[in-house]
Amino acid sequence: FIPKPLGVEDPLRSLFEPLSTLSSIVTEVSNLEEAKRDSDSSLSKLRREIDVLEKKIGGRDEHKYGADGELYGIRDSCYAVESGKYEYEVCMFKKATQRDKGEKGGGTHLGNWAGMSRDEESGQRVMKWDKGTKCWNGPARSATVY
């Protein structure tokens with residue numbers, strides 16, 4: 001017996017025809033699964049990067065550096081103002097100090113960063129440092145900057 005190829009009109013040909021495309025479907029599914037794995041890996045990497053950046057700006061809900069992280073750029077900055085015989089230095093998100101004019105170090109600790117709020121009337125930011133060195137006859141020192 002010698003097998004003969006099915007003719008175009010053979011009824012069995014139409015039944016088995018879908019099987020001839022099965023190998024290409026399997027290859028296509030395999031390619032799609034690999035693309036999905038690559039996309040999932042990229043997505044995980046991007047989410048980790050977002051988490052790192054959000055932690056840098058104080059977190060998603062915390063708003064440590066302002067509502068949209070807008071104060072992140074000045075996070076390591078210190079500012080000094082002279083008033084009378086003193087110089088007052090406030091370091092953003094760190095500490096505040098009072099010292100005699102002309103001194104470069106030391107001074108009296110006015111407090112550590114306590115937070116920021118908005119003045120209800122003016123809308124200005126109000127930055128506070130508290131729990132500084134206790135006055136000899138009173139409360140712990142603090143600083144407030146508008």
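The values are calculated or read from the model by the stated rules, or taken from the named source; none is laboratory data. What you see is a predicted model, and the numbers here were worked out from it, not measured in a lab. Methodologically, a virtual Cβ is constructed for each residue, glycine included, from the backbone with ideal geometry; neighbour enumeration extends over all protein chains shown. Just so you know, the surface numbers come from the protein's heavy atoms only, side chains and all, with ligands and any DNA or RNA stripped out. Shrake-Rupley method; radii C 1.70, N 1.55, O 1.52, S 1.80 Å.
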Checklist entry - Do any residues in the range 2-16 that are modelled with pLDDT of 75 or more have Cβ atoms under 6 Å from those of residues that are assigned to a loop (DSSP other than H, G, I, E, B) and surrounded by 10 or more Cβ atoms within 10 Å (Cβ to Cβ), where the two are at least six apart or on different chains, and which pairs are they? => result 13/6
Checklist outcome for this item: Within the range 88-102, the residues that are open to solvent by less than 70 Å² (accessible area, probe 1.4 Å), more than 18 Å from residue 139 (Cβ to Cβ) and of a type outside the set (Asp, Glu) are 90, 91, 92, 93, 99, 102
Item to check | Yes/no for residue 40 being farther than 30 Å from residue 99 by Cβ and surrounded by fewer than 10 Cβ atoms within 10 Å (Cβ to Cβ) | outcome: no
Checklist outcome for this item: Inside the range 103-146, the number of residues satisfying the requirement of being within 19 Å of residue 80 (Cβ to Cβ), open to solvent by 60 Å² or more (accessible area, probe 1.4 Å) and of a type in the set (Phe, Trp, Tyr) is 1
Next on the checklist: Could you go through the range 49-56 and let me know if any residue there is touching a Lys or Arg at 6+ places or on another chain (Cβ under 8 Å), modelled with pLDDT under 95 and in a strand (DSSP E or B).
Outcome noted: no
